[in-house]
Amino acid sequence: MTIVVTGGSGGIGGAFVEALASRNRAGNIIATYNHHLPGAEHANVSWQQLDITDESAIEAWAGQIGEVDWVINAAGMLHTPGHGPEKSIRHVDPDFFLQSMRINALPSMLLAKHLQGNLRHGRPAVFATVSAKVGSIEDNRLGGWVSYRASKAALNMCLKTLAIEWQRTLPNVVVAALHPGTTDTALSKPFQRSVPKEQLFTPGRSVNGMLNVLDGLEPSQSGQFFAFDGERLPW
């Protein structure tokens, strides 16, 4: 079994790598990072540098790694050093909006496009991306965070559309969007003050929940959005 974790250098991505590396049945894990090689070393983990917003880089990389059984994209962006999530439509900045789309929505589609051949082996397979509940249109009751919400909503639509296509062309692959809950990472750090302690999860707890979801997925569940605790969420 070969598992790919993109965004493996992030808080949630790193927790996926650690949890999967300890599984006897995980086999080989290919973990990617963009800028800085993580310090964690495991005999069954191969760290590879990859810019998952660069299509030519993804295409070349996909042509080198062979068959894969699971793909988990854990990359994402909520804020930058110079720009936080918008509190009002008055704060919308075109460059920040497009950057959010480029990092949160586009990579999963580029990965799907160029890993189709790697997944075409007939064995049960998974293609999953860490999304966010705030990307649910139906669940949006607070407003704000326009760029993040819109980019995660776009991601969710892309995954739903991909699942419909792959039910015809890659029926062995289950496509899923995952909500990790509010997790204690650099992404959520500036916004944790208002989160009750019992609702702020360690990356390990969040990832263990999401792995339990992925372990139990059936082909009939492809194209659905799941929380870390298994709850099916509205798109």
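To the nearest 10 square angstrom, how much accessible area does residue 145 have with a 1.4 angstrom probe?
Per-residue accessible area (residue 145): approximately 80 Å².
Most fluctuating residue of 154, 57, 163 in a GNM of the chain with Cα springs under 10 Å: which is it?
Evaluated over the chain, the most mobile residue of the options is 57.
Let me confirm the definition first: pairs of Lys residues in the chain, 8 or more apart or on different chains, C-alpha distance under 20 Å. How many are there?
12
Report P(r) for the range 111-235: all Cα-Cα distances, bin width 10 Å, range 0 to the bin holding the largest distance, values in whole percent.
Once binned at 10 Å, the Cα pair distances of the range 111-235 give 13, 41, 34, 12, 2.
For the range 1-97, which GluC sites (Glu not before Pro) pass both filters: DSSP loop (anything but H, G, I, E, B) and at most 11 other C-beta atoms within 10 Å? Kindly include the intermediate steps, with their values, before the conclusion.
Details: sites: 18, 41, 55, 59, 67, 86; in loops: 41, 67, 86.
Answer in residue order: 41.
Obtain the nm distance between the two label points defined at residue 229 and residue 59 by a simple spin-label model: each point lies 7 Å from its Cα along the Cα-to-C-beta direction.
Placing both labels 7 Å beyond Cα along the Cβ direction yields 4.5 nm.
Using a Gaussian network model of the chain whose springs link C-alpha atoms within less than 10 Å, name the residue from 69, 139, 184 with the highest mean-square fluctuation.
The residue with the greatest mean-square fluctuation here is 139.
Order 218, 165, most accessible first, counting only protein heavy atoms with a 1.4 angstrom probe.
Highest to lowest solvent-accessible surface, that is 218, 165.
Helices from the chain with mean Kyte-Doolittle at least 1.0 and a Cα length along the axis of 27 Å or more, per DSSP H: which?
Within the chain not a single helix satisfies the rule.
Counting DSSP beta bridges in the chain, what percent are antiparallel, to the nearest 5?
Given both bridge residues lie in the chain, the antiparallel proportion sits at roughly 5 percent.
If you filter the range 110-147 for trypsin sites (Lys or Arg not before Pro), then keep DSSP loop positions with at most 10 other Cβ within 10 Å, what is left?
Details: sites: 113, 120, 133, 141; in loops: 120, 141.
Passing both the DSSP loop test and the Cβ count: 141.
Can you tell me the length gained on complete extension of the stretch residue 208 to residue 165, counting 0.36 nm per residue apart and subtracting the Cα distance?
Result: 12.6 nm gained on full extension.
The values are calculated or read from the model by the stated rules, or taken from the named source; none is laboratory data. In this text, all values refer to a predicted model and were calculated from it rather than measured experimentally. Note: ideal-geometry Cβ built from the backbone for every residue, glycine included; neighbour counts use all protein chains shown. Note: areas computed on protein heavy atoms with side chains; ligands, DNA, RNA excluded. Shrake-Rupley method; radii C 1.70, N 1.55, O 1.52, S 1.80 Å.
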